[in-house]
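The values are calculated or read from the model by the stated rules, or taken from the named source; none is laboratory data. What you are looking at is a predicted structure, and each value in this text was computed from that prediction instead of being measured. When we count neighbours, we look across all protein chains shown, and the Cβ atoms used for this are built from the backbone with ideal geometry, even at glycine.
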Amino acid sequence: MLMTKNLSGKTNMPLVESILSELIKIQSVNPPGGETKVAKYLKKLFDRYQIHNEIIEPKPGRASFIADIGEGHKKLLYLSHTDVVPVTAGWDFPPFSGEIKDGFVHGRGAIDCKGLVAAEACAVIRLSQTTKLKGKLIFAATADEEIGGYAGAGVLSEEYPEKIRADFAVNEGAEVLTLGSTTYHSISVGEKGPAWMKLTSKGISSHGSVPMTENNAVVKMAEVVTNLAKYQPRVVLTPETRNLVQIFAHLDGLTDEVNENNVDAVLSKLSDKTPVSYLKALTRMTISPDVIRGGVKTNIVPDNCEAEIDVRILPGQNWQYIMHELKEILNGIGVETIQYNPSSLSSSDNDYYRLIESTLKEFVGDVPILPSICTGATDSRYMRDIGVPSYGIGVMTLNTDPVMSGSVHGKNEKIDIASLRLKTDFLVKLAQKYLSD
Ligand SMILES: [Zn+2]
């Protein structure tokens, strides 16, 4: 009797919250990373269920973990990352405790992104014990996402693309969108590209008692920074963004047909202003001058000033576009790249998107599900680079503490167990539906 129960796979299934709790306890703060410890934990877990798996460690300590189940011509990739951002002071609980309490799992990485690692791992294990898939489900938990993914998804996509290539991928990245008192599910279909630049202005130093303003590097940079802040980027509506703004407008009872000329006017009419800055950021390149350094002493005219600018570009825009648009403002100023990742986009008009959407509806009910674009960056761009359409999911229960999603990269990160289980069930169902024939 006991054997039958075990063979049915039911009694031996690990709980998603237990996996997450264990993952949080394994510290993998990036920098420096240390994701190999997480990969080894996953290996042990998957070995227990005899799931084919592999650790890929391009540099000591920086391993990614890959596993797969099933055989067939169809392929689906479940992607996640195992590194987390550092913690600052002021948490109400130890950030690496992984404590399970009051319906939540507490700790750094609970949402970003070990919750997804746990849900995807749990889904793969459950499928391996219960379902004969007619296609291949690939699991990849990568290193280094938090500082660019070069040692993780970057290495996998460049050196081992065949190990992760799939018809489409599911990853993190969906935004929680709210309008008024209603929260909406979204599926992330693209992301903006960060183009961080360092600007340098030069001057001639002299005595501050006889100032020569035209030689003052700080004054020059102040003017550049002010002009960058005032600059009005051109509005560009991708079909996805237009659709998103249109849905928001309709949900708010507005009848306007959204276009590039009226999008700001429509946004200003939304009764709830919460989503406006996010939606605005999706309709144009954004520029945020965030650091400035110049001068050495009160009475010396500065000969050098530096500023760091966070520019984010839309799908379809690139570095050349930025330089063309800002040519006049940056005239006579030194420009260096700190970091540049192209923007990326997957279609929301295909069977993969529709399958994710319809499966999601089975779990969350017939509520609007919006295709969203991430203002930040994830590993999905590496998948899109090798031709794998990638979609970010959130799949949270919508009645939880609104502080929860704000805890990503912040203090007191936690996730509710109901969301974790919902996400796991969704991932099981999605793989069963896609890989069943
Ligand atoms: Zn993340």
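Please go through region 123-161 and give me each residue that is of a type in the set (S, T, N, Q) and away from the ligand (no atom under 16 Å from the Cβ), ordered by number. S128, Q129, T130, T131, S157, listed by residue number. Of all residues in region 356-379, none satisfies the criterion of being among the aromatic types (F, W, Y) and crowded, with 17+ Cβ neighbours inside 10 Å. When region 111-122 is filtered for residues that are within 12 Å of the ligand (Cβ to nearest atom) and over 14 Å from the mean Cα position of the chain (by Cα), nothing remains. Are any of the residues in region 343-355 within 21 Å of K423 (Cα to Cα), surrounded by fewer than 15 Cβ atoms within 10 Å (Cβ to Cβ) and away from the ligand (no atom under 16 Å from the Cβ)? For region 343-355, residues within 21 Å of K423 (Cα to Cα), surrounded by fewer than 15 Cβ atoms within 10 Å (Cβ to Cβ) and away from the ligand (no atom under 16 Å from the Cβ): present. Taking I338 as the residue in question, decide whether it is farther than 30 Å from F104 by Cα, out of contact with any Pro (no Cβ under 7 Å at 6 or more places or on another chain) and in contact (Cβ under 8 Å) with a residue 12 or more places away in the chain. When the stated conditions are applied, I338 passes them.
This table checks each residue for (1) in the same structural domain as G72 (by TED's automatic domain parsing); (2) of a type in the set (A, V, I, L, M); (3) closer than 13 Å to R62 by Cβ.
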| site | (1), (2), (3) |
| --- | --- |
| A123 | yes, yes, no |
| L133 | yes, yes, no |
| E146 | yes, no, yes |
| G149 | yes, no, yes |
| E159 | yes, no, no |
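Reported count of residues in region 382-397, each being over 10 Å from the mean Cα position of the chain (by Cα) and not in a loop (DSSP other than H, G, I, E, B), is 6. The set of residues in region 360-380 being modelled with pLDDT of 95 or more and either within 11 Å of G190 (Cβ to Cβ) or part of a helix (DSSP H, G or I) (or both) consists of S380 alone.
Against the condition buried (at least 23 other Cβ atoms within 10 Å of the Cβ) and away from the ligand (no atom under 16 Å from the Cβ), how does S201 come out, does it pass? Spelling it out, S201 is indeed buried (at least 23 other Cβ atoms within 10 Å of the Cβ) and away from the ligand (no atom under 16 Å from the Cβ).
Residue-by-condition table, conditions (1) at pLDDT 90 or above; (2) outside the structural domain of G316 (by TED's automatic domain parsing); (3) touching a helix residue (DSSP H, G or I) at 6+ places or on another chain (Cβ under 6 Å); (4) part of a loop (DSSP other than H, G, I, E, B):
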position	(1), (2), (3), (4)
Q246	yes, no, no, no
D256	yes, no, yes, yes
N259	yes, no, no, yes
D264	yes, no, no, no
K273	no, no, no, yes
L279	yes, no, yes, no
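Within region 96-110, how many residues turn out to be away from the ligand (no atom under 12 Å from the Cβ) and touching a residue at least 12 places away in the same chain (Cβ under 8 Å)? Total meeting the criteria: 10.
Please indicate, with yes or no, whether at least one residue in region 363-370 is more than 30 Å from S128 (Cα to Cα) and within 15 Å of the ligand (Cβ to nearest atom). No. Restricting region 164-183 to residues that are among the small types (G, A, S) and either within 16 Å of the ligand (Cβ to nearest atom) or touching a Phe, Trp or Tyr at 6+ places or on another chain (Cβ under 7 Å) (or both) leaves a set whose member that is nearest to N53 (Cα to Cα) is A169. In region 144-161, the qualifying residues are those that are in contact with a Gly (Cβ under 8 Å, 6 or more places away or on another chain) and in a loop (DSSP other than H, G, I, E, B), and the one that is surrounded by the fewest Cβ atoms within 10 Å (Cβ to Cβ) is G148. Taking first residues from region 138-159 that are more than 13 Å from N341 (Cβ to Cβ) and in contact (Cβ under 8 Å) with a residue 40 or more places away in the chain and partners that are assigned to a strand (DSSP E or B) and away from the ligand (no atom under 15 Å from the Cβ), the Cβ contacts under 6 Å between residues at least 6 apart in sequence or on separate chains come to I138/D68; I138/L77; F139/A67; A140/I66; A141/F65. Condition check for E223 on (1) farther than 25 Å from R48 by Cα; (2) more than 16 Å from the ligand (Cβ to nearest atom); (3) assigned to a strand (DSSP E or B): one failure, at (3).
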